[in-house]
Amino acid sequence: MRRGAYTLALYAAAPLVWLWMARRARRAGGRWGIFSAARFGRPDPAEPAPFARPPVWVHAVSLGETRAAQPLVQALLERGLPVLLTHTTATGRAEGARLFPAAIAAGQLRQTWLPYDFPPAVRGFLERYAPRCGLLIEREVWPNLLARARQQGVHMALVSARFSASSLRQAGWLGEALRGALAGLDAVLAQTPEDARRLEQAGARRVQVTGNLKFDLALPAGQVQAGKAWRQALGRPVVAVASTREGEDALFAQAMRVRAGGGRPVLYVLIPRHPQRFDDAAAQLRDAGLSCLRRSQAAARADALPPVDGAVDVVLGDTLGEMAFYYAAADVAIVAGSFVPLGGQNLIEACAAGVPVVVGPHTFNFKQAAEDAIAAGAVLRAPDAPAALDAALALLDDDERRLAIGQAARAWAATHAGATERTLRALDDWL
């Protein structure tokens, strides 16, 4: 498909995309600005005056990418550079506001929506902000946006880039439009050699491996301290089931029900990946006959979780931005998204917290990281949700092995740090 045909298809599909976004916004909450001026590349009347200097533009589409971008954005801010941070989802934008409040208040960082990939919208966006360069986090490649950036002389890089085998297969329908977009990038900084190879197969040039920015995430000290204090006050072992995706809440609820009681005082913490599924997850736990306490019933502070008595089977982590708290409180963490064929979720944060990690069979979005962590003795793999809970319970009964895996996890995460510094060196001429 050539870029012209891609653009016509995009215009034709736009109403369906807007309908999907509206439905997701109703379920997830937050302000999505689906028909806002920014989404169409037009200035918002309420927007502050332009930056005094051309900003570094960082695009982090949603929650996960915004968290991944944190160390890079922080390093740019520490260099005194102005930063324009764009998002596509409300959760990503909310996370950016939570991570960088001081820079936003000082006017050094500004957030806005990424425009739709319509030629007039991307032209208006790039002309208004005139960024010194654009850094797209992980895999955000938009043909019209990149074509206009080339015309305007804006250097563009795909940073902490990942490209799975399934992404390579799925990219086929975009054909020339995608190959041209990837070829037009001035730099592609891949997470792993495998990602680099697949990106080159898809058309990217100027590819180098700089690593995964997620290894450089610093866990919030306040959350870590509060999580450990809460675990100590509980007096019960804690198994965190983190970042569950569609279909997994029911699997784990049933597995927890089967394993409830039996003299084990285990407290499970179930943390759905997306806020629109919090209520559904609570219903799944109730339907399984489990006693559930919602995290949101507490005040909005990590140290304010209400006391959990022995009658509570599960705490539902129905808040955002507190993953470090949950991992610090856990004796074992099961990182989900990998027990249905969705590719898995970020296991690096749990390893950095020094907690033993169990993943499922489907980790193709983190293929290299998962395989390396398993080889390092930092992560265990289970074939399904019941087996994952059994593995976690077995670790609770073996203090020596549990502590050894937790130490291996922390060491493995520390060994792979440094992607931010390598990324900055690769982009130094632009900055």
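Look through ILE334, ILE348, ILE405, ILE374 and report the one residue that is in contact with a Pro (Cβ under 6 Å, 6 or more places away or on another chain) and either within 27 Å of LYS228 (Cβ to Cβ) or surrounded by fewer than 19 Cβ atoms within 10 Å (Cβ to Cβ) (or both). Only one candidate passes the filter, namely ILE405.
Taken together, ALA304, ALA253 contain a single residue that is of a type outside the set (S, T, N, Q), at pLDDT 95 or above and within 26 Å of the chain's Cα centre (by Cα), which is ALA253.
Among residues of region 391-402 being under 27 Å from the mean Cα position of the chain (by Cα) and more than 17 Å from GLN345 (Cβ to Cβ), the one that is surrounded by the fewest Cβ atoms within 10 Å (Cβ to Cβ) is ALA391. Any idea which of GLU194, GLU246 is among the charged types (D, E, K, R) and not in a helix (DSSP H, G or I)? Residue meeting the stated conditions: GLU246. Let me spell it out: the conditions are (1) surrounded by fewer than 21 Cβ atoms within 10 Å (Cβ to Cβ); (2) at pLDDT 95 or above; (3) not β-branched (Val, Ile, Thr), and LEU219 meets all of them except one. Which number is the exception? If we test LEU219 against (1) surrounded by fewer than 21 Cβ atoms within 10 Å (Cβ to Cβ); (2) at pLDDT 95 or above; (3) not β-branched (Val, Ile, Thr), just (2) comes out false. Listed here are the strands (runs of 3 or more DSSP E) enclosed by region 273-372 that have at least 2 residues being more than 26 Å from ARG139 (Cβ to Cβ), of a type outside the set (Lys, Arg) and assigned by TED's automatic domain parsing to the domain that holds PRO383: 292-294, 314-316. On inspection, LEU168 fails the criterion of being buried (at least 24 other Cβ atoms within 10 Å of the Cβ) and in contact with a helix residue (DSSP H, G or I) (Cβ under 8 Å, 6 or more places away or on another chain). Taking the criterion of being at pLDDT 95 or above and of a type in the set (A, V, I, L, M, F, W, C), the residues of region 349-369 that qualify are ALA350, CYS351, ALA352, ALA353, VAL355, VAL357, VAL358, VAL359. With respect to the conditions (1) β-branched (Val, Ile, Thr); (2) out of contact with any strand residue (DSSP E or B) (no Cβ under 6 Å at 6 or more places or on another chain); (3) over 28 Å from ARG179 (Cα atoms); (4) crowded, with 21+ Cβ neighbours inside 10 Å, VAL83 lacks only one, and its number is (2).
For (1) within 22 Å of ALA60 (Cα to Cα); (2) within 19 Å of the chain's Cα centre (by Cα); (3) assigned to a strand (DSSP E or B), each residue gets a yes or a no:
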{"position": "SER160", "(1), (2), (3)": "yes, yes, yes"}
{"position": "PHE163", "(1), (2), (3)": "yes, yes, no"}
{"position": "LEU182", "(1), (2), (3)": "yes, no, no"}
{"position": "LEU185", "(1), (2), (3)": "yes, no, no"}
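Scanning region 408-431 for residues that are loosely packed, with under 14 Cβ neighbours inside 10 Å and part of a helix (DSSP H, G or I) yields ALA414, THR415, ARG425.
Here's the yes/no breakdown for (1) more than 19 Å from the chain's Cα centre (by Cα); (2) loosely packed, with under 14 Cβ neighbours inside 10 Å; (3) over 29 Å from ALA177 (Cα atoms):
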| site | (1), (2), (3) |
| --- | --- |
| ARG23 | yes, yes, no |
| ALA37 | yes, no, no |
| PHE40 | yes, no, no |
| PRO45 | yes, yes, yes |
| THR66 | no, no, no |
| HIS87 | no, no, no |
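The set of residues from region 260-293 being more than 30 Å from ARG23 (Cα to Cα) and either free of Cβ contacts under 8 Å to residues at least 12 places away in the same chain or surrounded by 16 or more Cβ atoms within 10 Å (Cβ to Cβ) (or both) comprises ALA260, GLY261, GLY262, GLY263, VAL266, LEU267, TYR268. Between THR210, THR112, THR192, the distinction of being modelled with pLDDT under 95 and surrounded by 19 or more Cβ atoms within 10 Å (Cβ to Cβ) belongs to THR192 only. Determine, yes or no, whether ALA177 is in a helix (DSSP H, G or I) and either more than 25 Å from TRP412 (Cα to Cα) or out of contact with any His (no Cβ under 7 Å at 6 or more places or on another chain) (or both). Judged against the criteria, ALA177 is a match. Only one of the numbered conditions (1) touching a helix residue (DSSP H, G or I) at 6+ places or on another chain (Cβ under 6 Å); (2) closer than 22 Å to VAL141 by Cβ is violated by LEU99, and that is (2). Residue count for region 123-168 under the criterion of being among the polar types (S, T, N, Q) and at pLDDT 95 or above: the result is 4. Can you pull out the residues in region 225-250 that are of a type in the set (A, V, I, L, M, F, W, C) and over 19 Å from the mean Cα position of the chain (by Cα)? Scanning region 225-250 gives ALA226, ALA229, TRP230, ALA233, LEU234, VAL238, VAL239, ALA250. In the condition set (1) within 19 Å of the chain's Cα centre (by Cα); (2) more than 18 Å from GLY33 (Cβ to Cβ), THR112 is compliant with all but (2).
Selection within region 72-109: residues that are more than 19 Å from ARG128 (Cβ to Cβ) and of a type in the set (Lys, Arg). The member of this set that is modelled with the highest pLDDT is ARG79. You will find that of GLY317, GLY354, GLY321, the residue that is under 25 Å from THR66 (Cβ atoms), touching a Lys or Arg at 6+ places or on another chain (Cβ under 6 Å) and surrounded by fewer than 20 Cβ atoms within 10 Å (Cβ to Cβ) is GLY321 and no other.
The values are calculated or read from the model by the stated rules, or taken from the named source; none is laboratory data. In this text, all values refer to a predicted model and were calculated from it rather than measured experimentally. Every residue, glycine as well, gets a Cβ built from its backbone with ideal geometry; the counts of neighbours run over all protein chains shown.
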